[in-house]
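The values are calculated or read from the model by the stated rules, or taken from the named source; none is laboratory data. Because the structure is predicted, anything quoted here is derived from the model rather than measured. For accessibility, only protein heavy atoms count, side chains too; no ligands or nucleic acids. Shrake-Rupley method; radii C 1.70, N 1.55, O 1.52, S 1.80 Å.
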Amino acid sequence: MEDEELARDIVQECLIQLWENYENISGSYERYMIVAVKNRCISHFRTLRLQSKFTESAQLKIKEFEFHPDIPDPLTDIYMKEVSELLQEHIEKLPDKCRQIFIMSRQEGLKNQEIADRLGISIRTVEAQIYHALKSIRIGLKDYLPILYFFI
């Protein structure tokens, strides 16, 4: 079933490409579609192979880190520093009240009820502000999150 969906997606992408470029295509459209689908399939399998190699590499990195957690890795340190700086930038961009609640929750380690009591607001407001902060940060760091999971 998954393969059928993938095949449909590939053919649909090629049809869209044909539709967008039909004036520039010389020769038969049938031949164009055969070559386009073949090339798109090859590209898809190359991508799968690269993803597999990346996953294997990341898993080896994790195992290496588990065996030698005391050995510093300069690349990991640089990456973590960069992500930390980006995280701090996104925290600073949050609205004042939202930032204050987020810092109290995540950096000071206060519980939602404690934050609500200190600020004189409802616990639902605290939860909503933390949700908003996390969503904003997640969107801002979306390109870093998949790789970050391998380093943590």
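Restricting to region 38-58, give me the number of residues that are hydrophobic (A, V, I, L, M, F, W, C) and either within 21 Å of the chain's Cα centre (by Cα) or more than 17 Å from D9 (Cα to Cα) (or both).
Matching residues across region 38-58 total 4.
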Next on the checklist: Can you report the number of residues in region 120-134 which are assigned to a helix (DSSP H, G or I) and either open to solvent by 80 Å² or more (accessible area, probe 1.4 Å) or polar (S, T, N, Q) (or both)?
Outcome noted: 5
